[in-house]
Amino acid sequence: ETKAPAVLVETFFLNNPQDLSLYNPQKIALAIADAIGKLYPVTSIKDDQIAKIQTTLNTLYGAGLVVDGVYGPRTKRALIKGLQRELNTQFNAGLLVDGIFGPKTKGALVNVKKGARGNLTYIIQSALFILGYNVIPDKIFGVKTENAVREFQQVNGLTESGIATKEMQSKLFSSI
(Lines give C-alpha, C1' and ligand atoms only; values in the text may rest on other atoms or scores of the structure.)
Protein backbone atom coordinates (compact mmCIF):
# COMPACT_ATOMS: atom_id res chain seq x y z
CA GLU A 1 0.00 0.00 0.00
CA THR A 2 2.93 2.34 -0.46
CA LYS A 3 2.35 5.66 -2.17
CA ALA A 4 5.90 5.68 -3.61
CA PRO A 5 7.23 3.69 -6.55
CA ALA A 6 8.27 0.27 -5.26
CA VAL A 7 9.32 -3.16 -6.41
CA LEU A 8 9.21 -6.43 -4.48
CA VAL A 9 12.07 -8.70 -5.52
CA GLU A 10 11.87 -12.34 -4.52
CA THR A 11 15.36 -13.61 -5.22
CA PHE A 12 15.43 -16.95 -3.46
CA PHE A 13 13.12 -19.56 -1.98
CA LEU A 14 14.49 -21.24 1.13
CA ASN A 15 12.40 -24.39 1.16
CA ASN A 16 15.07 -26.99 1.83
CA PRO A 17 18.62 -27.28 3.22
CA GLN A 18 20.15 -27.70 -0.25
CA ASP A 19 18.64 -24.37 -1.41
CA LEU A 20 19.80 -22.72 1.81
CA SER A 21 23.39 -23.83 1.15
CA LEU A 22 23.32 -21.84 -2.14
CA TYR A 23 22.09 -18.64 -0.49
CA ASN A 24 24.59 -15.77 -0.91
CA PRO A 25 23.11 -12.40 0.07
CA GLN A 26 26.20 -10.46 -1.13
CA LYS A 27 25.95 -11.82 -4.68
CA ILE A 28 22.18 -11.24 -4.74
CA ALA A 29 22.55 -7.65 -3.50
CA LEU A 30 25.31 -6.89 -6.02
CA ALA A 31 23.25 -8.33 -8.88
CA ILE A 32 20.25 -6.19 -7.91
CA ALA A 33 22.41 -3.07 -7.50
CA ASP A 34 24.11 -3.67 -10.87
CA ALA A 35 20.74 -4.07 -12.60
CA ILE A 36 19.40 -0.87 -11.05
CA GLY A 37 22.62 0.95 -11.98
CA LYS A 38 22.23 -0.11 -15.60
CA LEU A 39 18.65 1.17 -15.70
CA TYR A 40 19.35 4.41 -13.83
CA PRO A 41 23.00 5.40 -14.30
CA VAL A 42 24.13 8.29 -12.13
CA THR A 43 27.44 9.88 -11.27
CA SER A 44 28.46 8.44 -7.96
CA ILE A 45 31.31 8.16 -5.52
CA LYS A 46 32.25 4.99 -7.40
CA ASP A 47 32.55 6.97 -10.66
CA ASP A 48 34.78 9.52 -8.92
CA GLN A 49 36.99 6.80 -7.47
CA ILE A 50 37.28 5.06 -10.85
CA ALA A 51 38.33 8.42 -12.32
CA LYS A 52 41.04 8.59 -9.63
CA ILE A 53 42.15 5.05 -10.52
CA GLN A 54 42.31 6.04 -14.21
CA THR A 55 44.35 9.14 -13.33
CA THR A 56 46.74 7.06 -11.23
CA LEU A 57 47.17 4.47 -14.00
CA ASN A 58 47.93 7.33 -16.41
CA THR A 59 50.45 8.86 -14.01
CA LEU A 60 52.23 5.65 -12.99
CA TYR A 61 52.16 3.74 -16.27
CA GLY A 62 51.35 6.23 -19.03
CA ALA A 63 48.13 4.33 -19.71
CA GLY A 64 46.60 7.08 -21.88
CA LEU A 65 43.14 6.52 -20.46
CA VAL A 66 40.32 8.98 -20.88
CA VAL A 67 39.50 9.96 -17.29
CA ASP A 68 35.73 9.52 -17.39
CA GLY A 69 34.99 7.50 -14.27
CA VAL A 70 33.65 4.61 -16.35
CA TYR A 71 35.15 1.17 -15.86
CA GLY A 72 35.54 -0.56 -19.20
CA PRO A 73 37.92 -2.69 -21.27
CA ARG A 74 40.62 0.00 -21.59
CA THR A 75 40.74 0.58 -17.84
CA LYS A 76 40.83 -3.18 -17.22
CA ARG A 77 43.70 -3.59 -19.69
CA ALA A 78 45.61 -0.69 -18.06
CA LEU A 79 45.11 -2.25 -14.62
CA ILE A 80 46.47 -5.61 -15.83
CA LYS A 81 49.40 -3.82 -17.52
CA GLY A 82 50.14 -2.11 -14.21
CA LEU A 83 50.06 -5.49 -12.47
CA GLN A 84 52.46 -6.93 -15.05
CA ARG A 85 54.84 -3.96 -14.73
CA GLU A 86 54.90 -4.22 -10.95
CA LEU A 87 55.56 -7.96 -11.08
CA ASN A 88 58.42 -7.27 -13.53
CA THR A 89 59.86 -4.38 -11.51
CA GLN A 90 59.53 -5.86 -8.04
CA PHE A 91 60.00 -9.57 -8.77
CA ASN A 92 61.84 -9.78 -12.12
CA ALA A 93 58.91 -11.75 -13.57
CA GLY A 94 59.93 -11.16 -17.20
CA LEU A 95 56.33 -10.72 -18.32
CA LEU A 96 55.22 -9.24 -21.61
CA VAL A 97 53.28 -6.10 -20.58
CA ASP A 98 50.26 -6.63 -22.82
CA GLY A 99 47.30 -6.18 -20.47
CA ILE A 100 46.20 -9.79 -20.90
CA PHE A 101 45.72 -11.80 -17.72
CA GLY A 102 47.02 -15.09 -19.06
CA PRO A 103 48.88 -18.11 -17.64
CA LYS A 104 52.29 -16.39 -17.41
CA THR A 105 50.86 -13.45 -15.48
CA LYS A 106 48.93 -15.84 -13.21
CA GLY A 107 52.13 -17.82 -12.63
CA ALA A 108 54.06 -14.67 -11.63
CA LEU A 109 51.60 -13.57 -8.90
CA VAL A 110 52.93 -13.23 -5.36
CA ASN A 111 51.15 -13.28 -2.01
CA VAL A 112 50.45 -9.81 -0.60
CA LYS A 113 49.46 -9.33 3.04
CA LYS A 114 48.65 -6.79 5.69
CA GLY A 115 51.44 -4.25 6.09
CA ALA A 116 52.38 -4.26 2.39
CA ARG A 117 52.64 -0.84 0.75
CA GLY A 118 53.01 0.35 -2.80
CA ASN A 119 51.74 0.01 -6.32
CA LEU A 120 51.03 -3.74 -6.22
CA THR A 121 48.79 -3.19 -3.20
CA TYR A 122 47.12 -0.29 -5.04
CA ILE A 123 46.33 -2.49 -8.04
CA ILE A 124 44.80 -5.21 -5.84
CA GLN A 125 42.76 -2.58 -3.96
CA SER A 126 41.58 -1.06 -7.26
CA ALA A 127 40.40 -4.44 -8.55
CA LEU A 128 38.53 -5.09 -5.29
CA PHE A 129 36.94 -1.63 -5.44
CA ILE A 130 35.86 -2.13 -9.05
CA LEU A 131 34.10 -5.34 -7.99
CA GLY A 132 32.22 -3.46 -5.28
CA TYR A 133 34.22 -4.26 -2.16
CA ASN A 134 34.56 -1.66 0.60
CA VAL A 135 38.14 -0.50 0.08
CA ILE A 136 39.51 2.77 -1.26
CA PRO A 137 42.85 2.32 -3.08
CA ASP A 138 45.58 4.03 -1.04
CA LYS A 139 48.63 1.77 -1.53
CA ILE A 140 48.51 0.58 2.12
CA PHE A 141 47.35 -2.98 2.91
CA GLY A 142 45.58 -2.24 6.18
CA VAL A 143 42.51 -3.49 8.01
CA LYS A 144 39.99 -2.37 5.34
CA THR A 145 41.97 -4.11 2.60
CA GLU A 146 42.32 -7.23 4.74
CA ASN A 147 38.56 -7.25 5.35
CA ALA A 148 37.80 -6.74 1.65
CA VAL A 149 40.15 -9.62 0.79
CA ARG A 150 38.44 -11.86 3.38
CA GLU A 151 35.02 -10.95 1.99
CA PHE A 152 36.17 -11.66 -1.59
CA GLN A 153 37.60 -14.99 -0.44
CA GLN A 154 34.35 -15.91 1.31
CA VAL A 155 32.15 -14.97 -1.65
CA ASN A 156 34.38 -16.95 -4.02
CA GLY A 157 34.70 -20.10 -1.90
CA LEU A 158 38.37 -19.53 -1.08
CA THR A 159 40.10 -20.02 2.26
CA GLU A 160 39.50 -16.85 4.30
CA SER A 161 43.00 -15.79 5.28
CA GLY A 162 42.89 -12.04 4.65
CA ILE A 163 46.06 -12.52 2.59
CA ALA A 164 45.84 -11.71 -1.12
CA THR A 165 47.15 -15.13 -2.09
CA LYS A 166 48.10 -16.09 -5.63
CA GLU A 167 44.88 -18.12 -5.88
CA MET A 168 42.77 -15.21 -4.63
CA GLN A 169 44.41 -12.74 -7.05
CA SER A 170 43.97 -15.15 -9.93
CA LYS A 171 40.23 -15.21 -9.24
CA LEU A 172 40.17 -11.44 -8.63
CA PHE A 173 41.88 -10.41 -11.88
CA SER A 174 39.88 -12.98 -13.84
CA SER A 175 36.70 -11.38 -12.45
CA ILE A 176 37.31 -7.71 -13.27
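The values are calculated or read from the model by the stated rules, or taken from the named source; none is laboratory data. For clarity, every value in this text was computed on a predicted model and none was experimentally measured. Cβ placement follows ideal geometry from the backbone for every residue including glycine, while neighbour counts extend to all protein chains displayed. Quick note on the areas: whole protein, heavy atoms, side chains included, nothing else; ligands and nucleic acids left out. Shrake-Rupley method; radii C 1.70, N 1.55, O 1.52, S 1.80 Å.
When the residues of region 155-176 are filtered to those that are in contact (Cβ under 8 Å) with a residue 40 or more places away in the chain and polar (S, T, N, Q), the one that is farthest from Ile32 (Cα to Cα) is Thr165.
Among the residues of region 100-137, those that are without any contact (Cβ under 8 Å) to a residue 60 or more places away in the chain, over 15 Å from Leu172 (Cα atoms) and either among the hydroxyl-bearing types (Ser, Thr, Tyr) or touching a helix residue (DSSP H, G or I) at 6+ places or on another chain (Cβ under 7 Å) (or both) comprise Lys114, Asn119.
For (1) among the hydrophobic types (A, V, I, L, M, F, W, C); (2) crowded, with 16+ Cβ neighbours inside 10 Å; (3) in a loop (DSSP other than H, G, I, E, B), each residue gets a yes or a no:
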| residue | (1), (2), (3) |
| --- | --- |
| Ile100 | yes, no, yes |
| Gly107 | no, no, no |
| Gly115 | no, no, yes |
| Ser126 | no, yes, no |
| Asp138 | no, no, yes |
| Asn147 | no, no, no |
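List pairs: first in region 46-69 and touching a residue at least 24 places away in the same chain (Cβ under 8 Å), second among the basic types (Lys, Arg) and buried (at least 19 other Cβ atoms within 10 Å of the Cβ), Cβ under 9 Å, 6+ apart or cross-chain? Going by the 9 Å Cβ cut-off, the qualifying pairs are Leu57/Lys81; Tyr61/Lys81. Screening Ala78, Ala35, Ala29, Ala63 for residues that are assigned to a helix (DSSP H, G or I), modelled with pLDDT of 95 or more, surrounded by 11 or more Cβ atoms within 10 Å (Cβ to Cβ) and of a type in the set (Gly, Ala, Ser) leaves exactly one candidate, Ala78.
Number of residues in region 4-26 that are open to solvent by less than 70 Å² (accessible area, probe 1.4 Å), part of a helix (DSSP H, G or I) and farther than 30 Å from Tyr71 by Cα: the value is 1.
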